[in-house]
Every structure is written in structure tokens, then in C-alpha cells.
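A.B. asks: What follows is a single structure, and I will ask about it in a moment.
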Amino acid sequence: MIKEEIIGIKEQIESILLLGGDEIKIRDLSKFFSVSIEKILQILEELKKERFNTGINIEIDQEIVYLITNPRCGEIVNLYFKQDVKPKKLSNAALETLSIIAYRQPITKSEIEAVRGVSTDRVVQTLEERKFIRICGKRETIGRPNLYEITDKFLGYLGISSVEELPQYEDMKEKLNGTNENK
């Protein structure tokens, strides 16, 4: 009996996610279904595992949950939509910040700023709003600053499925240095 109830809730949650957009709050699902947040998280994790090898994945980001395209399908999705609408381009500051986060994650905002040499408040906020980065914890130091990491949505934007597919940092550094020496 309980198993059937969970399966019913799971299917219903999946339907809500499909139509709900980016801002489905986990606590709202808990209240609506009169189920504990822990139980909702368990159901969402099950859905996430079940959908892993499909075209649509589930992203759980702290207090919200939403659907994303599978990062492995990013290239074909970008090719298809490039016909009519190009995805919003990222600014150089955003790309630079994302690169730093991708290669050094988890990383704090002050560590990003130390590499970039400028404030990153607005850039980080924009990247969080676009769901390209997320807070993944706190650094155990004075002030307990947030730690940031990239998301599957960003990987999908690049058309790759994992950080391992990014060019190796040292290889890119050598290519860039070689390019600069030849000028």
C-alpha cells in the first residue's frame, strides 16, 4: 500500500516539475502532499536516478528542484535551437568566472576575486540566477564563506556531460602561452 502511494506521489511530482518551471520549492511540495521534507527529498533523489539516462534530468539545488536537459544532449539541443534562437551569450566576465569555478571548484567568491583581480558580486549573482553555478557548502574558516561549483545546466550549455571533458588546464595554459610568444 505504501509503495503504491509513493509511486503515485512520484508521478505527480514529476508532472508538477514539468509544468512548474525553475522555482518549485521542496518545502511547498512537502506541504502540498503532506509528506516530510526528508520523504520528498528521497522521492526526488529516486526520480533523479531514474531520469539520469534520459533526455530530461532533475536538478536539486538546495531548496528548489527543477528539470534540465541532460548535459549529454547539450550539443544537439544547441544545434537544433541555433536554427531559430541562439542561447544567450555569456559575457567575458561570466566566462572567466565560470572557468575559474569549473577548474578550481569548490571555490569561494574571494578566491575567485583573487584570481580575476576584480569584484565578482554581480557576475556570481547572475550565474546563480541562470543556474550555472550553485552554493555547495561553506569553507570552514573565518566568516564561513560560501563555496561555489558549476551545475549540470552549465555543462549542458557547453554541450558536455562532465567536468572531465573540459580541456586540461595545463594544456590550455601552454597553448595560450605559445600563442602569446608567437606574436
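Each reported figure results from applying straightforward, stated rules to the coordinates on display, with no laboratory input. Just so it is clear, the model here is predicted, and its values are computed rather than measured.
A.B. asks: Given the alpha-carbon gyration tensor of segment 24-158, what are the semi-axes of its equivalent ellipsoid in whole angstrom, ordered largest first, with each equal to the square root of 5 times an eigenvalue?
C.D. replies: After scaling each eigenvalue by five and taking roots: 27, 23, 12 Å.
A.B. asks: Classify segment 2-69 as rounded, prolate or oblate from the Cα gyration tensor: take a ≥ b ≥ c as the square roots of its eigenvalues, call it rounded if a/c is under 1.5, otherwise prolate when a/b beats b/c and oblate if not. Spell out each step's value before the answer.
C.D. replies: Values: a/c = 1.66, a/b = 1.20, b/c = 1.38.
Oblate shape, in that a/c is at least 1.5 and b/c is the bigger or equal ratio.
A.B. asks: Now for a separate question. Note the full-extension length gain between residue 28 and residue 49 as 0.36 nm times their separation in residues minus their Cα-Cα distance, in nm to one decimal. It would help to have the intermediate numbers written out before the result.
C.D. replies: Values: separation 21, 0.36 × 21 = 7.56 nm, distance 2.18 nm.
Result for the pair: 5.4 nm of gain on full extension.
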